[in-house]
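Asker: Below is the structure I would like to discuss, written out as structure tokens.
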Amino acid sequence: MNADELLPALVQATGETAQMVFWSALLTLVLGLPLGVLLVATDRGGLLPAPAAKAVLGGVVNVGRSLPFIVLMVAILPFTRLVTGTTIGTVAAIVPLTLGAVPFYARLVETALRGVEREVVEAAQAMGAGRVRVVARVLLPEALPGLVAGLTVTVVALIGYSAMAGAIGGGGLGDLAIRYGYQRFDTAVMVITVVLLVVVVQLVQSLGDLVARRLSHK
């Protein structure tokens, strides 16, 4: 691939990767955050103790985390087609990306919430705060630095997942690297794509770390 073809291809692939990561990260936050809250709330001694529900939720999360992403993508192809009408392309890749990241982020949310001192929660309950108020006004604000750090780790993982999505026609930088760098033995395309992915990951991680540090100093 010559320079005139490479630049537009890189711009398009980067845009596709950004689209996949943005929407899957947003959906992961919307779904994974309440799931993580439920994992903590339904535990013994939690705000809403329900050991049976905790066992079911924990089992579902563990199964989701145990599946390699490439296997997950293939396994849910019928579901992806049902949701998006297709199994290839950027939009289709958002479905497995989200389903793969939600259990991962839910566990990180659970870990962050467990780091909140129990005395703070008990003080809020002693002042008459209900369960929803405790979660919204105490647990989530107190755990915010950890939640941001967890989301940063998840976004970085999604960038890696999005590259793997290119293996089955998901588009993005992974697709570009496979079609041109690997299948056509174009070393330059492969190297440039890898370097670009590394730079993007470093930028995301640095920004996430900065925000988490700022929040922890408040």
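The values are calculated or read from the model by the stated rules, or taken from the named source; none is laboratory data. Model, not experiment: these values are computed from the prediction. Cβ placement follows ideal geometry from the backbone for every residue including glycine, while neighbour counts extend to all protein chains displayed. Only protein heavy atoms, including side chains, enter the accessible area calculation; ligands, DNA and RNA are left aside. Shrake-Rupley method; radii C 1.70, N 1.55, O 1.52, S 1.80 Å.
Asker: Could you list, in sequence order, the residues of region 179-198 that are assigned to a helix (DSSP H, G or I), modelled with pLDDT under 85 and open to solvent by 60 Å² or more (accessible area, probe 1.4 Å)?
Answerer: Those that are assigned to a helix (DSSP H, G or I), modelled with pLDDT under 85 and open to solvent by 60 Å² or more (accessible area, probe 1.4 Å): Arg179, Tyr182, Thr187.
Asker: Then there is this: So which residues in region 138-147 are in a helix (DSSP H, G or I) and surrounded by 20 or more Cβ atoms within 10 Å (Cβ to Cβ)?
Answerer: Hits for region 138-147 are Leu139, Gly146, Leu147.
Asker: Mind listing whichever residues of region 108-123 are buried (at least 17 other Cβ atoms within 10 Å of the Cβ) and modelled with pLDDT under 85?
Answerer: Once the filter is applied, which keeps residues that are buried (at least 17 other Cβ atoms within 10 Å of the Cβ) and modelled with pLDDT under 85, region 108-123 yields Val116, Val121.
Asker: A follow-up question, please. Have a look at Val155, Val135 and point out the one that is surrounded by 13 or more Cβ atoms within 10 Å (Cβ to Cβ), in a helix (DSSP H, G or I), at pLDDT below 90 and not small (Gly, Ala, Ser).
Answerer: Val135
Asker: Here's something else I'd like to know. Does Gly160 satisfy the condition of being at pLDDT 85 or above and out of contact with any Leu (no Cβ under 6 Å at 6 or more places or on another chain)?
Answerer: Here the answer is yes, as Gly160 does meet what is asked.
Asker: For Thr80, which of the numbered conditions (1) buried (at least 20 other Cβ atoms within 10 Å of the Cβ); (2) of a type outside the set (A, V, I, L, M, F, W, C); (3) out of contact with any Gly (no Cβ under 9 Å at 6 or more places or on another chain); (4) farther than 19 Å from Phe22 by Cα fails to hold?
Answerer: Looking at each condition in turn, Thr80 falls short on (4).
Asker: Restricted to region 56-70, and to residues that are at pLDDT 90 or above and either charged (D, E, K, R) or open to solvent by less than 70 Å² (accessible area, probe 1.4 Å) (or both), which residue is nearest to the chain's Cα centre (by Cα)?
Answerer: Applying the filter and picking the extreme gives Val61.
Asker: Provide a single number: the residues in region 16-52 that are of a type in the set (Gly, Ala, Ser), part of a helix (DSSP H, G or I) and open to solvent by less than 40 Å² (accessible area, probe 1.4 Å).
Answerer: Residues that pass the stated criteria total 5.
Asker: Open to solvent by 80 Å² or more (accessible area, probe 1.4 Å), without any contact (Cβ under 8 Å) to a residue 60 or more places away in the chain and either of a type outside the set (A, V, I, L, M) or part of a helix (DSSP H, G or I) (or both): does that describe Leu203?
Answerer: The answer is yes for Leu203.
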